[in-house]
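Undergrad: Could you have a look at this structure, given as structure tokens, before my questions?
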Amino acid sequence: MNKAEKRMKHYTNAVERRLNLPRDVRSRVMHDFCSSIEGRREAGLSDGEIYAELGSPKKVAAELNEQMKDYAYVKSPWRWLFLGLSILCGCYLTVEGAAGIFAYFLTQSTAASVGIIGGADGPTAIFVTASPLSLAGRAALTLIVLLLGILGFYRLSRCKRR
């Protein structure tokens, strides 16, 4: 591959990166775009003339996106819900992790409460409570919710137009 071919490949890749289209439509558009470039080369135009005629990759991609706007992706407003969920889970995981590490090194045991009800003249009851999930369980659950929030945000960033 010579220098001119590398430059043309870089140009077409820059156009393709800026297309806001589904993969199958984008590949069809890029195939047609590359065919039009080859047709111009066969007509006798130099690469410099082709670049000047087409314009910058940003301009070409904007024109192609405008022509194919019926197939373009749209960004869902629901993605912000997932982003907020991810931020909350990340903050919770950070605080919980810091508190858990501090408590672990401070007490070297799991936290629990013990309560005694009763006295000398009646029945006595002893209540023992502990956290329903250990620190590792809460961290794992929070990580799962965090990952689902991030994946939901990115998935809803590129939704097909109906």
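Undergrad: Working only within segment 40-93, note down all residues that are within 25 Å of Tyr11 (Cα to Cα) and hydroxyl-bearing (Ser, Thr, Tyr).
TA: Ser46, Tyr51, Ser56, Tyr71, Tyr73
Undergrad: Sticking with this structure for a sec: Do we have any residue at all in segment 21-31 that's touching a Ser or Thr at 6+ places or on another chain (Cβ under 8 Å), in a helix (DSSP H, G or I), free of Cβ contacts under 8 Å to residues at least 24 places away in the same chain and open to solvent by less than 40 Å² (accessible area, probe 1.4 Å)? Full working, then the answer.
TA: Here is the first cut: in segment 21-31, the ones touching a Ser or Thr at 6+ places or on another chain (Cβ under 8 Å) are 30.
Okay, now just the ones that are also in a helix (DSSP H, G or I), so 30.
Checking which are free of Cβ contacts under 8 Å to residues at least 24 places away in the same chain leaves us with 30.
From what's left, open to solvent by less than 40 Å² (accessible area, probe 1.4 Å): 30.
Yes, segment 21-31 contains at least one residue that is touching a Ser or Thr at 6+ places or on another chain (Cβ under 8 Å), in a helix (DSSP H, G or I), free of Cβ contacts under 8 Å to residues at least 24 places away in the same chain and open to solvent by less than 40 Å² (accessible area, probe 1.4 Å).
Undergrad: If I ask for residues that are surrounded by 13 or more Cβ atoms within 10 Å (Cβ to Cβ), hydrophobic (A, V, I, L, M, F, W, C) and part of a helix (DSSP H, G or I), which ones from segment 32-59 would you list?
TA: Phe33, Cys34, Ile37, Ile50, Leu54
Undergrad: Quick one: Pro77 ticks every box in (1) in a loop (DSSP other than H, G, I, E, B); (2) surrounded by 10 or more Cβ atoms within 10 Å (Cβ to Cβ); (3) modelled with pLDDT of 75 or more; (4) of a type outside the set (Lys, Arg) bar one, so which box is it?
TA: Of the numbered conditions (1) in a loop (DSSP other than H, G, I, E, B); (2) surrounded by 10 or more Cβ atoms within 10 Å (Cβ to Cβ); (3) modelled with pLDDT of 75 or more; (4) of a type outside the set (Lys, Arg), the odd one out for Pro77 is (2).
Undergrad: Restricting segment 60-73 to residues that are under 23 Å from Tyr154 (Cβ atoms) and surrounded by 14 or more Cβ atoms within 10 Å (Cβ to Cβ), which is modelled with the highest pLDDT? So that I can check it myself, show each step before the final result.
TA: Quick first cut of segment 60-73, residues under 23 Å from Tyr154 (Cβ atoms) only: 61, 65, 68-69, 71-73.
Next cut, surrounded by 14 or more Cβ atoms within 10 Å (Cβ to Cβ) only: 61, 65, 68, 71-73.
Numbers: Ala61: 90, Asn65: 86, Met68: 85, Tyr71: 78, Ala72: 74, Tyr73: 71.
By that ranking, first place goes to Ala61.
The values are calculated or read from the model by the stated rules, or taken from the named source; none is laboratory data. Computed from a predicted structure; not experimentally measured. Cβ atoms come from the backbone with ideal geometry, glycine included; neighbour counts cover every protein chain shown. Only protein heavy atoms, including side chains, enter the accessible area calculation; ligands, DNA and RNA are left aside. Shrake-Rupley method; radii C 1.70, N 1.55, O 1.52, S 1.80 Å.
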